[in-house]
Structure formats: structure tokens, C-alpha cells
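Colleague: Once you've had a glance at the structure underneath, I'll fire off some questions.
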Amino acid sequence: MPWPGLVNRFPALAHRDFRLLLADRLLAPFAFAFSMVGVSFAVLDATRSTADLSYVLAAQILPALVFALAGGVFADRFAPQRVIVAANVMIAAGEGGFGLLVLAGQPRLWQMIALETLTGAGMAVFYPASQALLPRLVPDGVLQEASAMSRLAMNGAQMAGAAIAGLFVAAAGPGWALTVCGIGMFGTVPLLLAIRAPGAEHTERHNMFRELREGWSAFAARRWLWVTTIQYGVVLAAWYGAFDVLGPVVARHYLGGAKAWGLILGADAVGLIAGGVIAMRFTPRRPIRFVVLIGGACAISPLSLAALWPLPAICATALALGVMLEIMMVQWTVTMARNIPPDLLARVSSYDVLGAVAAMPVGALAAGPIAAAIGVSATQYGAAALILIASALALIPREVRTMRTAEAAEAEAEPELALTAAR
């Protein structure tokens with residue numbers, strides 16, 4: 001049990017399983033940060049081709065089209081932490097194997113694609129299981145605090161990992177960085193296996209396709225959910241191609257290489273940490289409208305790179321966007337958990353992640369060839385325009401603009417109740 005004073009200040013820490021999850025959220029993101037820097041520079045060192053980098057990064061996303069839905073079904077059937085164990089082992093094997101391949105000699109393109117496909121499968125399985133796990137570890141009264149603390153731990157570890165990884169890649173090379181990632185991901189397994197949270201209770205169990213239909217019905221019945229998912233499908237596709245694929249290219253040619261890219265990722269992580277602190281206490285009255293607006297703000301990332309802003313300015317925008325994105329993610333997690341039944345949450349989350357990332361491979365695959373044809377900056381300006389248009393369209397449905405938190409709805413209802421009572 002942590003110190004009583006700390007528990008009084010942060011009641012979520014009173015729960016043993018939540019503390020174990022926090023330990024996992026420190027180790028796994030720290031390790032994976034070495035992959036975030038290492039993969040891009042391993043591919044660029046091996047092939048010198050932005051198109052090849054697009055193919056490899058797309059391979060990390062494509063498995064979501066298959067494995068996210070299966071991961072949602074499994075996480076609703078079984079204890080979610082066991083599903084996350086399987087996901088982390090796949091990531092460890094993919095990134096660790098990639099690292100060993102780089103250290104052994106010149107990796108071939110098909111080998112890099114195959115290993116990133118394995119990593120992508122693990123990432124796809126992880127998300128719906130992660131969404132389903134947290135509400136089973138803490139009561140609803142501390143869910144927002146627990147979500148913010150969990151993401152705060154994750155982003156703090158990512159910040160440290162990204163900063164160290166940039167220096168590590170520059171000093172030792174991407175092969176060793178990817179190997180460190182694999183070792184770290186394997187290290188999360190004992191922590192997750194120690195969590196005792198059970199799976200969701202089911203009175204009866206159907207075949208996978210019927211369970212997927214149940215999840216789809218719950219997803220499609222909530223307009224705020226599917227509209228926002230479509231918006232983020234466009235936003236993430238444009239952002240991924242312009243920032244994750246072309247960002248290292250800009251850093252390599254204009255900003256100073258791996259060290260500069262590590263600093264940008266580190267600044268983003270600092271913003272995520274600051275946002276996590278704010279998110280523990282800040283709740284927007286209209287959470288879905290807030291989520292949509294932050295999606296539109298993502299346009300600043302490709303704009304800052306396209307305009308070749310100085311490195312400190314790019315880092316500043318990454319930090320500010322990180323703050324906003326973290327508050328948004330906490331609100332999204334809590335809104336999902338409070339508006340979707342627990343036995344459907346993982347499956348509905350799997351449709352959310354599928355819709356949000358389904359177009360990301362298109363963004364990753366298109367970014368390199370388009371940049372080769374019209375230039376990196378023009379491609380990034382186009383991505384920013386797509387983000388702004390998709391976000392403006394997502395605000396059209398009234399439910400997106402007006403949906404309130406339970407607390408806000410109660411606060412607005414109180415004057416009306418008082419007036420009725422007075423009559």
C-alpha cells in the first residue's frame with residue numbers, strides 16, 4: 001500500500017491492480033519510445049527511400065483491419081490484462097526481431113515489413129483490451145483521475161524514452177534501440193499477469209460473428225461515437241503521413257537528424273504530461289465537441305514542418321498540441337466507459353480503433369509517393385487542409401455539439417428543478 005497521504009490525495013492509488021497497471025504504463029511506453037525513433041531511422045539508413053519508409057510504417061497499421069475486432073471480442077470474453085500480455089509479446093518479438101536483423105547486417109524491405117506487421121498486430125489487439133481494463137480496476141468515482149494518472153505515467157515514460165532514444169540512436173544506431181524495445185516489452189509480462197481483475201460476466205457466450213454484430217449495433221446506435229470516429233480516421237491518416245512518415249525526413253534534412261526528431265517527440269511527451277495533470281481535474285461541459293475541436297488543432301503539426309519553422313518553434317507547437325491531445329484522450333476514455341455497457345466496451349472500442357486507423361495505412365502509403373511527386377512541404381500543407389475540413393464537418397450533427405457530461409446536465413437541471421418546486 002502506498003503512503004496514506006498520497007492515497008488521500010489520489011484515491012485511485014488505493015487499488016492494488018491499478019498500481020500494477022501504472023507500473024506497466026511506465027515500462028511499456030518507455031521501451032516502445034525506442035521503436036518510435038529506431039524504426040524510421042533503421043529504414044532510412046537501409047534504403048534511403050521515403051517510399052520504403054511509408055511501406056514499413058503502413059505495415060504497422062494494416063493489421064488493425066483484422067486484429068482490432070478480434071482483440072475486442074477476446075477482451076470482452078477474457079480478462080483484458082491477459083489479452084494485453086499477448087499483445088506485448090507480439091510487439092516485443094516484432095521490434096526485438098527487427099533490431100537483431102539490423103544488427104546482423106543489411107535488412108531487406110520484405111523482412112522489415114513482416115516484422116512491423118507482427119508489431120502492428122500486437123498494437124491492434126492492445127487498444128480495445130486497454131480500454132476495457134481500466135474501468136474494471138477502479139470504481140466510477142475515481143475513473144477520470146485513474147485515467148489521467150495512467151496516461152500521465154505512460155506519457156512521462158514516453159517522454160524520457162524518446163529523449164534517450166534519440167541520443168541512443170545517434171550514438172549506437174537504430175538496431176540496438178529496437179533490441180532495447182523488445183527486451184522492455186517482454187519485461188511487462190510479469191506485471192500484467194499479477195493483475196487479478198476478472199473478465200466481464202456473460203450469461204451466455206455466442207460465436208465470434210454474433211458478438212461482433214452486437215458490438216457493431218452498440219457502436220452504430222451512438223451518432224456522437226461514429227461521427228467522431230470518422231473524423232479521426234481522416235485526421236489520423238493525414239497526420240500520420242505528414243508527421244510520422246515525413247517528419248523524420250524533414251528532421252534528417254533540415255533540423256539535425258535523429259537528435260532533433262527525438263527532441264520533437266520529447267516535447268510532445270512533455271505536453272502530454274502537462275495535459276495529464278490538467279486532465280485529473282478539468283472536465284469540459286461538452287466533451288464530444290471538445291474532442292472534435294482538438295482533432296482540428298492537429299493541423300498545427302504538419303503546418304509547422306511544412307513551413308520549416310525553427311526547431312524550438314516546432315517543439316513548442318508539439319508541446320502545446322500534446323497538452324490538448326492528452327486532455328482530449330482522457331475525456332474520450334471516460335466518456336466511452338460511462339456511456340457504453342462494460343460487457344460491450346472492448347468490442348465497441350475495437351470498432352472505434354478500426355474506424356480511426358483504417359485510413360492510416362492510406363496516409364502512410366500515400367505520403368512518400370506524393371512527397372516525391374509534389375514535394376514534402378506541399379504534401380504536409382495538403383494534410384493540414386484535410387484535417388481542418390474533416391473537423392469542421394464533424395461539428396454538423398447536433399448531438400456532437402450538445403452532448404454534455406452527467407455533471408453538467410445535472411448542474412443545468414438544478415435551476416429548473418428549483419423553479420418547478422417553487423411553483
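The values are calculated or read from the model by the stated rules, or taken from the named source; none is laboratory data. What you are looking at is a predicted structure, and each value in this text was computed from that prediction instead of being measured. No Cβ is skipped: glycine too gets one built from the backbone with ideal geometry, and neighbour counts run over all protein chains shown. Just the protein is used for accessible areas: all its heavy atoms, side chains included, with ligands, DNA and RNA removed. Shrake-Rupley method; radii C 1.70, N 1.55, O 1.52, S 1.80 Å.
Colleague: Sort out for me the helices (runs of 4 or more DSSP H) sitting completely within segment 1-97 that have 3 or more residues that are under 16 Å from Ile195 (Cβ atoms) and at pLDDT 90 or above.
Modeller: Hits in segment 1-97: 16-47.
Colleague: Just to be sure I understand, how many residues within segment 59-97 are open to solvent by less than 50 Å² (accessible area, probe 1.4 Å), of a type in the set (Val, Ile, Thr) and either under 18 Å from the mean Cα position of the chain (by Cα) or under 10 Å from Thr119 (Cα atoms) (or both)?
Modeller: 5
Here is a yes/no grid of residues against (1) surrounded by fewer than 23 Cβ atoms within 10 Å (Cβ to Cβ); (2) touching a residue at least 24 places away in the same chain (Cβ under 8 Å); (3) among the polar types (S, T, N, Q):
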{"position": "Ala297", "(1), (2), (3)": "yes, yes, no"}
{"position": "Ser304", "(1), (2), (3)": "no, no, yes"}
{"position": "Pro312", "(1), (2), (3)": "yes, no, no"}
{"position": "Ala316", "(1), (2), (3)": "yes, yes, no"}
{"position": "Val323", "(1), (2), (3)": "yes, yes, no"}
{"position": "Gln331", "(1), (2), (3)": "no, yes, yes"}
{"position": "Met336", "(1), (2), (3)": "yes, yes, no"}
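Colleague: If you take the residues in segment 280-293 that are outside any loop (DSSP other than H, G, I, E, B) and open to solvent by 10 Å² or more (accessible area, probe 1.4 Å), which one is nearest to Val400 (Cα to Cα)?
Modeller: Ranking the candidates gives Arg289 first.
Colleague: From the set of residues in segment 204-258 that are in contact with a Gly (Cβ under 7 Å, 6 or more places away or on another chain) and within 30 Å of Val169 (Cα to Cα), which is modelled with the lowest pLDDT?
Modeller: The selected residue is Ala258.
Colleague: Going through Leu21, Leu115, Leu53, Leu100 one at a time, which residue ends up being within 30 Å of Gly368 (Cα to Cα), crowded, with 20+ Cβ neighbours inside 10 Å, in contact (Cβ under 8 Å) with a residue 60 or more places away in the chain and in contact with a helix residue (DSSP H, G or I) (Cβ under 8 Å, 6 or more places away or on another chain)?
Modeller: Selected residue: Leu53, the only one of Leu21, Leu115, Leu53, Leu100 that is within 30 Å of Gly368 (Cα to Cα), crowded, with 20+ Cβ neighbours inside 10 Å, in contact (Cβ under 8 Å) with a residue 60 or more places away in the chain and in contact with a helix residue (DSSP H, G or I) (Cβ under 8 Å, 6 or more places away or on another chain).
Colleague: Further question on the same structure: Within the bounds of segment 49-59, is there any residue that is among the small types (Gly, Ala, Ser) and within 18 Å of Tyr127 (Cα to Cα)?
Modeller: Looking through segment 49-59, at least one residue is among the small types (Gly, Ala, Ser) and within 18 Å of Tyr127 (Cα to Cα).
Colleague: Among the residues of segment 194-217, is there at least one that is within 22 Å of the chain's Cα centre (by Cα), under 24 Å from Leu354 (Cα atoms) and open to solvent by 60 Å² or more (accessible area, probe 1.4 Å)?
Modeller: Yes, segment 194-217 contains a residue that is within 22 Å of the chain's Cα centre (by Cα), under 24 Å from Leu354 (Cα atoms) and open to solvent by 60 Å² or more (accessible area, probe 1.4 Å).
Colleague: Scan segment 181-190 for residues that are open to solvent by less than 50 Å² (accessible area, probe 1.4 Å) and either assigned to a helix (DSSP H, G or I) or modelled with pLDDT under 85 (or both) and jot them down.
Modeller: Hits for segment 181-190 are Cys181, Gly182, Gly184, Met185, Val189.
Colleague: Within 16 Å of Leu133 (Cα to Cα) and either within 24 Å of the chain's Cα centre (by Cα) or buried (at least 19 other Cβ atoms within 10 Å of the Cβ) (or both): is that true of Leu44 in this structure?
Modeller: Considered against the rule, which asks whether it is within 16 Å of Leu133 (Cα to Cα) and either within 24 Å of the chain's Cα centre (by Cα) or buried (at least 19 other Cβ atoms within 10 Å of the Cβ) (or both), Leu44 comes out as no.
Colleague: Are there any pairs with C-beta distances below 7 angstrom linking a residue in segment 219-244 that is among the aromatic types (Phe, Trp, Tyr) to a residue that is open to solvent by 20 Å² or more (accessible area, probe 1.4 Å) and in a helix (DSSP H, G or I), with the two at least 6 apart or on different chains, and if so which?
Modeller: Qualifying pairs under 7 Å: Phe219/Trp226; Phe219/Tyr351; Trp224/Glu399; Trp226/Ala220; Tyr240/Met360.
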